[in-house]
Amino acid sequence: MTYLLTQITSSKAIPIVSAILGIAFLASCTYGPPKIRAHITNVKAKPDSHLIAVAVEYEEFREATGINTFPSDGTPKVLDQKAKIYLCNAETLEVTRVAFVTPKNTVRIGWQPWIIGWHGDSLFFQISGQKGTAVSDSKTITITYRIDPLGQVLESTAAPGNVVFQANSGPLPQGKFVRISKGYDTIDVRTEGTRSLRTLFRIDAKRGELVAVKESNK
């Protein structure tokens with residue numbers, strides 16, 4: 001009889017133990033608080049002006065914790081991804097975000113935004129990436145966008161062959177010009193009115209937005 005009671009008790013305990021282990025496992029499959037990662041991918045200046053176009057890669061994510069960190073250090077949970085395009089004035093330090101684009105599924109792997117240049121008053125940029133990690137999806141795909149003079153962001157078949165931007169090397173031009181040194185999250189600028197580069201713009205790490213460094217204008 002004692003053996004029978006023990007056998008019954010053990011059989012009932014199995015589901016309970018399994019439930020406890022299941023709850024513990026689920027509790028260990030967690031993610032940390034939301035974080036923001038943003039960096040400048042490229043910068044180009046408009047000819048004969050102090051205007052600078054800036055491409056920023058923005059991502060909001062949660063890092064894996066607990067059991068989610070195995071077996072390969074864990075893959076973050078992506079909450080949001082955006083290509084942010086800004087126009088900055090090196091003279092007035094005005095910063096305007098002119099595009100806010102979510103990468104399409106065809107370019108979501110290893111994606112990157114890139115400023116191409118101007119055609120008239122329209123600014124062209126692109127987002128490049130891969131569809132997936134399989135061999136059949138690993139070809140780099142590029143999607144081109146145009147920001148028209150009214151501020152509309154339109155998908156374009158391709159950028160015109162005669163887009164323009166200021167050269168960033170060689171002899172200093174006459175009239176208005178901008179020379180740029182881009183860092184991971186800062187932009188140093190020199191114009192015809194200054195003798196050396198100054199950090200005029202940076203990424204606000206808390207918001208993932210490009211902002212002016214106001215003290216640089218004093």
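The values are calculated or read from the model by the stated rules, or taken from the named source; none is laboratory data. This is a predicted model, so every value here is computed, not measured. In this analysis, Cβ positions are derived from the backbone assuming ideal geometry, glycine residues included, and neighbour counts consider all displayed protein chains.
Looking only at the stretch 193-209, filter to residues that are part of a loop (DSSP other than H, G, I, E, B) and touching a Lys or Arg at 6+ places or on another chain (Cβ under 8 Å); which one of those is farthest from Thr41 (Cα to Cα)? If you could, list the steps in order and put the result at the bottom.
First, the residues of the stretch 193-209 that are part of a loop (DSSP other than H, G, I, E, B): 193-197, 205-208.
This time we only want the ones that are touching a Lys or Arg at 6+ places or on another chain (Cβ under 8 Å), so: 196-197, 208.
Details: Ser196: 23, Leu197: 19, Gly208: 13 Å.
Only one residue fits best here, namely Ser196.
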Of the criteria (1) surrounded by fewer than 16 Cβ atoms within 10 Å (Cβ to Cβ); (2) in contact with a Gly (Cβ under 6 Å, 6 or more places away or on another chain); (3) over 15 Å from Val56 (Cα atoms), which one Gln130 fails: (1)
Pairs where the first residue, in the stretch 97-109, is within 21 Å of Gln152 (Cβ to Cβ) and at pLDDT below 95 and the second is in a loop (DSSP other than H, G, I, E, B) and among the aliphatic types (A, V, I, L, M), C-beta under 7 Å, 6+ apart: none
Answer yes if at least one residue in the stretch 110-132 is outside any strand (DSSP E or B), at pLDDT below 95 and within 20 Å of the chain's Cα centre (by Cα), and no otherwise. yes
Name every residue in the stretch 143-185 that is assigned to a loop (DSSP other than H, G, I, E, B), surrounded by 14 or more Cβ atoms within 10 Å (Cβ to Cβ) and under 27 Å from the mean Cα position of the chain (by Cα), in order of residue number. Ala159, Pro160, Val163, Phe165, Gln166, Asn168, Asp185
Which condition number does Leu79 fail, the rest of (1) on the phi < 0 side of the Ramachandran plot; (2) surrounded by 15 or more Cβ atoms within 10 Å (Cβ to Cβ) being met? (2)
If you scan the stretch 147-186, which residues turn out to be among the charged types (D, E, K, R), in contact with a strand residue (DSSP E or B) (Cβ under 7 Å, 6 or more places away or on another chain) and closer than 20 Å to Leu197 by Cβ? Arg179, Lys182, Asp185
Would you confirm whether or not the stretch 186-204 contains a residue that is among the aliphatic types (A, V, I, L, M), modelled with pLDDT of 95 or more, surrounded by fewer than 18 Cβ atoms within 10 Å (Cβ to Cβ) and more than 20 Å from the chain's Cα centre (by Cα)? yes
Can we say Lys182 is among the basic types (Lys, Arg), farther than 20 Å from Pro47 by Cα and touching a residue at least 60 places away in the same chain (Cβ under 8 Å)? no
